[in-house]
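Structure first, commentary second.
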Amino acid sequence: MTNFSAPVGSSTSASGTAPVVVWSNTEEKRSGTPLLVLLHGHMANEEDLMGILEFLPDEFTVASVRAPVAQGPGFTWFPLMQDAAYSVDKVTSAVQEVIDWVDSIKEGHSSVTLLGFSMGMAVASSMLRARPNDYAAVVGLSGFVVPAEGNEFFRDEELEKNRVPFFWGRDQEDPVISADRIEFTHAWLNRHTKLTKVLYAGMYHSINAQELGHVREFLQICVPGVSRTPLSR
């Protein structure tokens, strides 16, 4: 993804299986704020998405979560779908850990919103499918949704009755996400969410400033307590 300059943050990990997280502000400033959880892509880490903070509404407390499995130069949430080691159970296991962590802190926030890039979008959409009533909105950037394969973890029928606002941004020339995954994702999002889909030419498998401007507007519209102040840079 595009590298934006990131503010200084501090990574912390709790006991048990709680993930490593980097926060946008100190604990005393988080109470009562809307929470935005960032979920990075394959072989990245919790710092990767923090550079987008300057584009996001100021009202959010942002928490960027590290995936649980070390791989290559970073971390991954689960094996790639084309790998023999992939299974839906490995997806749900990783997703449940993030859900459990959010459960442990969400009472201190006015709402919870999710933003995932690439594989992080698969995690964000899976969190939504497991907890259809928990999130104000979801943002997916250059990513995909995983097939449920009959797993009861995914409460898709319930979600279809309570469609949550979902922003999906991508480039049609993205060389990473395969056509079959895009086709499935498009059909699933149309059926189960209140979808806003935007295409960006020349972005490929990345994020650009135009897209982040649209994400900002989407969050301002969809998340209670977020003002519609314009971006000043």
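The values are calculated or read from the model by the stated rules, or taken from the named source; none is laboratory data. Keep in mind the model is a prediction, meaning the values are calculated, not measured. Cβ: placed from backbone, ideal geometry, glycine included. Neighbour counts: every protein chain shown.
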- request: Scan segment 16-65 for residues that are surrounded by fewer than 22 Cβ atoms within 10 Å (Cβ to Cβ), among the charged types (D, E, K, R) and touching a Pro at 6+ places or on another chain (Cβ under 9 Å) and jot them down.
  value: Glu54, Glu59
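Select, from Ser64, Ser10, the only residue that is over 20 Å from Ile99 (Cβ atoms) and either at pLDDT 95 or above or not charged (D, E, K, R) (or both). Even if it seems obvious, please write down each step before you answer.
Values: Ser64 fails: over 20 Å from Ile99 (Cβ atoms).
Step by step, each of Ser64, Ser10 is checked, and only Ser10 is over 20 Å from Ile99 (Cβ atoms) and either at pLDDT 95 or above or not charged (D, E, K, R) (or both).
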task: Take the residues in segment 187-221 that are exposed (fewer than 14 other Cβ atoms within 10 Å of the Cβ) and of a type in the set (Val, Ile, Thr), then tell me which one is nearest to Gly116 (Cα to Cα).
output: Val198
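Taking helices (runs of 4 or more DSSP H) that fall entirely within segment 62-179, which contain at least 1 residues that are within 30 Å of Lys29 (Cβ to Cβ), of a type in the set (D, E, K, R) and out of contact with any His (no Cβ under 7 Å at 6 or more places or on another chain)? I'd like the intermediate steps shown before the answer.
Values: elements: 88-105, 119-130, 156-161.
So the answer is 88-105.
Would it be correct to say that Thr185 is part of a helix (DSSP H, G or I) and polar (S, T, N, Q)?
Taking the combined requirement at face value, the residue satisfies it.
Can we say Ala85 is crowded, with 17+ Cβ neighbours inside 10 Å, at pLDDT 95 or above and on the phi < 0 side of the Ramachandran plot?
Working: crowded, with 17+ Cβ neighbours inside 10 Å: no; at pLDDT 95 or above: yes; on the phi < 0 side of the Ramachandran plot: yes.
For Ala85, the condition - crowded, with 17+ Cβ neighbours inside 10 Å, at pLDDT 95 or above and on the phi < 0 side of the Ramachandran plot - is not met.
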query: Are there any pairs with C-beta distances below 6 angstrom linking a residue in segment 140-166 that is of a type in the set (D, E, K, R) to a residue that is buried (at least 16 other Cβ atoms within 10 Å of the Cβ), with the two at least 6 apart or on different chains, and if so which?
result: Glu149/Val88; Arg155/Pro132; Asp156/Arg129; Asp156/His192; Glu158/Pro132; Glu160/His192; Arg163/Thr193
statement: Matching residues in segment 222-233 (in contact (Cβ under 8 Å) with a residue 12 or more places away in the chain and loosely packed, with under 13 Cβ neighbours inside 10 Å) number 4
